[in-house]
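For reference, the structure is listed below as structure tokens.
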């Protein structure tokens, strides 16, 4: 580590005084090239000497450390992720350190712009990742031609490609959002059938009400992200009621004039669909008040007790219950099971809405490349898959790793006519993490739809 | 202040020249050596693998002794200088370090912020005052500005007056009663923003009328036969609900500072007024309040600025939904979630502009005090 | 009426003090004062008290019934929330880190600010009003906009991820308020006292150390508490400048990790809030005795 002399500091302080008194001369600003050759980060005591005496011959990267910075901090999730690296670490000698922080958005912005990026960052939203594209390494120069195409379907690669052709991310853990959860025991007891069309879904909901049951539970409270539960509904309904082109123009328009407005009939119709379910006081458990105030991670609980019958949530939903129900089982004979959120208009087939983590690389060192390459293999998330929480976007996944329930979800993904990513994660932050969410809360609160949609359109940034 | 002139000049010009230069050089070495020692200990703390407790100990010694050593060393140097230079330099020994640190950590970034406020979202091209147009025209921003005004008036008004009330009242209680009361009012200050959000989400929680309430306030309201109130969702009251949290948090701050001022008011002064026949309200408004006016100004200014910068309560509780946006929260979102550094910078500058009247007020009172 | 010139803290006993307080009680009876104070204290502590009760209940119970129901129904109290927080991996280390971060981050800005506040109040120098205006203006600079420029500087200096770096950052962020508050206090020291010392032939430095500093103890103590609280409860600055490595994680970081990135385990916050409050409250109580000393009593100003 470089040691700066006191003299250097004195000079710096003097120059700062000059800068402060004399004007804006940025005397103290370091040169703008910290990305290259920047040591990972000063916080970790980077071992100058190998930490352990390992036979260097077997481990080409012995003594090196690679830091992955991510958004999730749950102990079980982190452990499963780290476990995936154990064989890799033994083989290469690279110490892979995962650091998670719930203030991920703030930290990644500060660190990349402050010249202190992590080696690799895992983004929950590709839109966020693209904001830091300038600092990220172009992965098409890292992997040989055709390698990524061999590991992923093209649509995953497209979602991490910048307009100028640079590939800045690779996908690692995927989730499927187009699912409706229910309790098989409750369904069996009441003799309900799994609906396969929207009409059947609505008929089933009415039947449940007639039977004195409450069909839906859709709690949305998620702190400063409240609203995302509802936007997932809109996106799923969009994929079922209009063309893929419209979905793409709605989320990531190729040109400003292509943009499908929120106020357009296609989008408005999707809002009305969700309104027909969630604004119906008879349909939702605890009424609209509970939808707005209950915490989203309690979604599954009333299903288990029969207080509510169905909940539309992603493949990760059972994971929220493990804290309170460690023995929870998922499957046709388990405590909970899922069915595919049914199509609405047959012309648009069976689409699937997905989400996932996408990883960008900021420090180009040989060992970082190795870690990133490992992340492009399904093996890296084998423990996460086996824990039953994630689906692999990789082509080299071993279907035996999935349990029965998750294999079904993987198959839904594989059999989909169209796969699209969570739209709010793709839209500009002002909309995707701003007015779209808050507009959803306003709508559930009973406000008029047209002004809400116009307001969202108005908040779409000009560039 | 004329105290600098009290120091008699030592020796003639010539003798200063022969012995003085050497003395100055020697004196200059003192602060430099102090600095060098300090820096070495910093480097030690930065790079060491030593046990945490040892580092903590070194840290404490350096933090406390080190800063003082620097001042004493520099003072020693300045005192060796010839009279006029010494007198001119002395004040800067006192303000210099503060201004240097402020320059590095706040002025330099603030200048950068002002500069960036004229650039686009990605700080790439100059766009004039467009960001300011956004700040004052955008409909969401207009709501934020309105809310900020509400926050400033209500929070500053309530915290300062309740803080003053408590400070005056507890002064009349026994010592242990005073300590207990002050501690209870002060307690919220010790709770982090996230902790406060948990507390208040349980104060405000509303269950449907058919279910038992778990929120304290709605339990009281429904207990008296009322309908549950949606404190955070109802646009008519949600801003007040958030403002109440800030009042709850900040009153302790005002109380602590105002209390020390109240205790500084001499009893003779109050007593004299009473003998002249003033009643308690007159004593309070004509004697007590004017004598602690400088402190009231200080506290009001501080609360005003804290409120301008308030963002965590809003960010955690509503994130600006349902018309509860405030400027600082929007700035945070623009900066980190929306990635629009132009908007964020302009909003930061708006906050800077908002304090200008307060600065004027402070400078005026400063001049009055001096004359 | 000027106080006798003294070096060191000035405590002038006021014979009429008790008499004055007694005559107050005659008019505004002590019981009505007590009543008002009691009501305010009650209002202020209900929310915290509710959280305190809740911290001994599990998440299910908190969600299903109000905390007051524990008074009339038999409820099973649990210390599980406290156990979860206290036994969490790395909690002891985090406490130590928080202390290492906080103490110098309080002492350094107070020292520097006291020097500056004294100069603003009692020394004559060019640019004084301008500098003072700048200090007040800087009070409002949102620290979020300073993070990136400071981080860049730190990366260049190799200061990132060091305790020194975070102390300096907290010093910078706390300095305007410290200077401003201490100025407000130091400037009210009666002129007579200051002039008496000057006649004794003291230099500004000795005036400051022997006279101003001891007199300012109440103000210093109150700012120390606030700065302590802010630094102790800070999460963002620590994450940015100290980093996300678990070796250097502070208590607030440890708590947010326990709660989870989606807030699933929010119930640990109930206990966590009280556990993290302990240290600041100890500081508050130990400094509280400095507030009650009528340090400037006996000399009338203006």
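Observations
- Test result for residue B:355, touching a residue at least 60 places away in the same chain (Cβ under 8 Å) and closer than 19 Å to residue C:144 by Cα: no
- Residue C:252 being crowded, with 23+ Cβ neighbours inside 10 Å and part of a loop (DSSP other than H, G, I, E, B): no
- In segment C:120-130, the qualifying residues are those that are buried (at least 16 other Cβ atoms within 10 Å of the Cβ) and without any contact (Cβ under 8 Å) to a residue 60 or more places away in the chain, and the one that is farthest from the other protein chains (Cβ to nearest Cβ) is C:128.
- Residues of segment A:273-304 satisfying the condition of being more than 19 Å from residue A:183 (Cβ to Cβ) and either over 26 Å from the mean Cα position of the chain (by Cα) or without any contact (Cβ under 8 Å) to a residue 12 or more places away in the chain (or both): A:276, A:279, A:280, A:281, A:282, A:287, A:288, A:289
- Within the set C:272, C:260, the sole residue that is closer than 30 Å to residue A:116 by Cβ, surrounded by fewer than 23 Cβ atoms within 10 Å (Cβ to Cβ) and either within 14 Å of chain A (Cβ to nearest Cβ) or modelled with pLDDT of 85 or more (or both) turns out to be C:260.
- Apart from one condition, residue C:149 fits all of (1) more than 24 Å from the chain's Cα centre (by Cα); (2) within 7 Å of chain B (Cβ to nearest Cβ); (3) without any contact (Cβ under 8 Å) to a residue 60 or more places away in the chain; (4) more than 28 Å from residue B:330 (Cα to Cα); the exception is (4).
- Residue check, residue A:372 within 24 Å of residue A:236 (Cβ to Cβ), at pLDDT 90 or above and in contact with a helix residue (DSSP H, G or I) (Cβ under 9 Å, 6 or more places away or on another chain): no
- Condition met for residue A:390 (under 17 Å from residue A:313 (Cα atoms), surrounded by 20 or more Cβ atoms within 10 Å (Cβ to Cβ) and modelled with pLDDT of 95 or more): no
- Inspection of segment B:115-125 finds no residue satisfying the criterion of being under 20 Å from the mean Cα position of the chain (by Cα) and touching a residue at least 40 places away in the same chain (Cβ under 8 Å).
- Residues that are under 16 Å from residue A:407 (Cβ atoms) and surrounded by 18 or more Cβ atoms within 10 Å (Cβ to Cβ) were ranked within segment A:317-335; the one that is modelled with the lowest pLDDT is A:318.
For every residue, the table says whether it meets (1) within 22 Å of residue A:219 (Cβ to Cβ); (2) surrounded by fewer than 24 Cβ atoms within 10 Å (Cβ to Cβ); (3) modelled with pLDDT of 90 or more.
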position	(1), (2), (3)
A:414	no, yes, no
A:418	no, yes, no
A:424	yes, no, yes
A:429	no, yes, no
A:438	yes, no, yes
A:443	yes, yes, yes
A:453	no, yes, yes
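- Filtered residue count, segment B:272-293, keeping only those that are facing chain C (nearest Cβ under 8 Å) and surrounded by 19 or more Cβ atoms within 10 Å (Cβ to Cβ): 1
- Odd one out for residue A:129, checked against (1) farther than 30 Å from residue A:331 by Cβ; (2) touching a helix residue (DSSP H, G or I) at 6+ places or on another chain (Cβ under 8 Å): (2)
- For segment A:191-205, the set of residues classified as assigned to a helix (DSSP H, G or I) and closer than 12 Å to residue A:309 by Cβ consists of A:201, A:204, A:205, listed by residue number.
- Residue check for residue B:317: on the phi < 0 side of the Ramachandran plot, surrounded by fewer than 21 Cβ atoms within 10 Å (Cβ to Cβ) and at pLDDT 85 or above: no
- Any hit, segment C:154-162, residues being under 30 Å from residue B:81 (Cβ atoms), surrounded by 23 or more Cβ atoms within 10 Å (Cβ to Cβ) and facing chain B (nearest Cβ under 8 Å): no
- Residues being in a loop (DSSP other than H, G, I, E, B) and surrounded by fewer than 22 Cβ atoms within 10 Å (Cβ to Cβ) - total across segment B:208-231: 14
- Of the residues making up segment A:287-300, those that are more than 9 Å from chain C (Cβ to nearest Cβ) and either surrounded by fewer than 21 Cβ atoms within 10 Å (Cβ to Cβ) or part of a helix (DSSP H, G or I) (or both) are A:287, A:288, A:289, A:290, A:291, A:292, A:293.
- Verdict on residue A:407 being outside any loop (DSSP other than H, G, I, E, B) and without any contact (Cβ under 8 Å) to a residue 12 or more places away in the chain: yes
- Answer residue from segment B:58-78, given it is at the interface with chain C (Cβ under 7 Å from one of its Cβ atoms) and surrounded by fewer than 18 Cβ atoms within 10 Å (Cβ to Cβ) and is nearest to residue B:96 (Cα to Cα) among those: B:68
- Only one of A:438, A:384 that is not in a loop (DSSP other than H, G, I, E, B) and not assigned by TED's automatic domain parsing to the domain that holds residue A:334: A:384
The values are calculated or read from the model by the stated rules, or taken from the named source; none is laboratory data. Here the structure is a predicted model, which means the values were calculated and not measured. Quick reminder, even Gly has a Cβ in these numbers, built from the backbone with ideal geometry, and neighbours come from all protein chains shown.
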